[in-house]
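*Asks:* Here it is, the structure, as structure tokens.
Just so you know, all these numbers are worked out from the coordinates, no wet-lab data involved. All values reported here derive from a predicted model rather than from experimental measurement. FYI the Cβ positions are ideal-geometry reconstructions off the backbone, even for glycines, and counts take in every protein chain you see.
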């Protein structure tokens, strides 16, 4: 892909992320606030894809901010390029009107309106992305931008586990992918993590050897400082990682290369699995953007 194609694909994936977040809220449609967030998300996905279409086909002018003007602008450029017309035009205006009523007249969308909007916007995005770029909407994923084959395969499997409502497997594979990524770059940044060490040998104030609990506590503190420094060096939020760990637990690596997963949250929900997967994908993408090949991090690259 050229640089322009990469940027365009990232925009398309962002549209899918917006749609998926709205889809996630739509499954909690008994909650009035979730219905509001759903309809705003669906409408935002439409507006974003229309602007992406226009920016791709017309490089000189900016897309309009007014929704009606934007639709007419995109309709015109599609016709000029011989690509056809905007699909599901009546349906996207229907959803936009529901959003306007919700936002300006404080009327919550009904459950039926949410169900209709979900189908309308899904079909609209599927059709317009296929029409303009000949790409499948359902296959768009930021996982595609992950360079390491093993990590990409793990996350692809994890994404499928989430679709199959296998939340434990989704969390395990996502967490393993992230921790494996971190393990490959850790030593270049903060040194050895002492994975197979039970404690740091300490002395008390009388210069006597400390007990094993003190030595173990010192090791845990050292590891936590390493992680904090690692995330700070990568420009990542360590508190977000701690929230991730509360759900995903710990991944322990053995000398044989196998791993053991323990301490993950009991009674995992779809929301938990979704968060762990999205956090892992986003964090791994950021890490690769910074260090390059995680098998050989910070190798010399000419720019």
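*Asks:* Report the calculated FRET efficiency for residue 229 and residue 104 (r = Cβ-Cβ distance, R0 = 41 Å), to the nearest 0.05.
*Replies:* That pair, residue 229 with residue 104, gives E of 0.25.
*Asks:* Quickly estimate the mean residue ellipticity at 222 nm for the chain, helices only: each DSSP H run with n ≥ 4 gives -39500 (n - 2.57), and the total goes over all residues, rounded to 500.
*Replies:* -22500 deg cm²/dmol
*Asks:* What distance in nm lies between label points placed 7 Å from Cα along the C-beta direction at residue 165 and residue 44?
*Replies:* 2.8
*Asks:* Run the numbers on the chain and let me know its relative contact order in percent, using alpha-carbon pairs under 8 Å that are six or more apart.
*Replies:* Reported as a whole number, the value is 15 percent.
*Asks:* Among (1) 1.24; (2) 1.17; (3) 1.34, which is the computed Cα Rg over 2.2 N^0.38 Å?
*Replies:* (1)
*Asks:* Taking 7 Å along the Cα-to-C-beta vector as the label spot, tell me the residue 211-residue 130 distance in nanometres, rounded to one decimal.
*Replies:* Roughly 6.8 nm, to one decimal.
*Asks:* What whole number of Å gives the distance from the Cα centroid of the range 1-69 to the Cα centroid of the range 126-189?
*Replies:* So the two Cα centres are separated by 21 Å.
*Asks:* Further, regarding this structure: So what is the relative contact order for the range 49-206, in percent, with contacts set as C-alpha pairs under 8 Å and at least six apart?
*Replies:* Worked out over the range 49-206, it gives 11 percent.
*Asks:* Under a crude label model (7 Å from the Cα following the beta-carbon direction), how far is residue 69 from residue 116 in nanometres?
*Replies:* A separation of 2.9 nm, rounded to one decimal place.
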